[in-house]
1. Being under 20 Å from residue 128 (Cβ atoms), in a loop (DSSP other than H, G, I, E, B) and either among the hydroxyl-bearing types (Ser, Thr, Tyr) or in contact (Cβ under 8 Å) with a residue 60 or more places away in the chain (or both) is the filter here; which residues of region 1-54 pass it?
2. Restricting attention to region 75-98, report how many residues are surrounded by fewer than 18 Cβ atoms within 10 Å (Cβ to Cβ) and modelled with pLDDT of 90 or more.
3. Quick check on residue 146: is it part of a loop (DSSP other than H, G, I, E, B) and more than 12 Å from the chain's Cα centre (by Cα)?
4. State which residue is farthest from residue 32 (Cα to Cα) when the search covers only region 109-136 and only residues that are assigned to a strand (DSSP E or B) and in contact with a Leu (Cβ under 7 Å, 6 or more places away or on another chain).
5. Kindly indicate the residue of region 34-49 that is touching a Lys or Arg at 6+ places or on another chain (Cβ under 8 Å) and among the hydrophobic types (A, V, I, L, M, F, W, C) and also farthest from residue 139 (Cα to Cα) among those meeting that condition.
6. Report yes if residue 102 is within 15 Å of the chain's Cα centre (by Cα), surrounded by 14 or more Cβ atoms within 10 Å (Cβ to Cβ) and assigned to a helix (DSSP H, G or I), otherwise no.
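The values are calculated or read from the model by the stated rules, or taken from the named source; none is laboratory data. All values reported here derive from a predicted model rather than from experimental measurement. Glycine also receives a Cβ, built like all others from the backbone with ideal geometry; neighbour counts cover every protein chain displayed.
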Amino acid sequence: MPAAEAGGAVNDLLKQRRDGSYLALMAYTTRTDASEAALLRARERVRSSARLATTAGYGPRFLHSTGQLHKGGPPVGLFLQIIERDPVDVEVPGEPYGFSILKQAQSLGDLQSLESRNYPVLRVDLGEEPEAGWRALANAIQEAVR
């Protein structure tokens, strides 16, 4: 789903919460000032308006920390997976694919793992311009969470 259109879907995701729920913002993206600002803005809005705890991390590295909680902890998480298209793919030595393809595969594997457990999950694509996508996503969350 495109970031600019995610508001209603985020609202639907948050409606699935129950006692003890939290929202996990899982960014399979480059960490930038724009991503940090958007994640902070989203987390503050969800915390203050929806009164819901949040986690945020950049994938695939969070898979070794909070990713274990997401899939092995109590089934109370709500998951927002954020992806971007890498403008440049760096070759993996000795392999027919690059790191961008590897990251995409890891995000899809994570998505499938969450879906196989019937956990509420939404996948949002930042589009061709990640900085604009981050702004659009933060705006969509601001509008959705009141």
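1. 1, 6, 29, 30, 32, listed by residue number.
2. So the count comes out to 10.
3. yes
4. The extreme case among them is 121.
5. Filtering region 34-49 for residues touching a Lys or Arg at 6+ places or on another chain (Cβ under 8 Å) gives 34, 38, 49.
Next, from what is left, pick out any that are among the hydrophobic types (A, V, I, L, M, F, W, C): 34, 38.
Working: 34: 13, 38: 9 Å.
The extreme case among them is 34.
6. In short, no.
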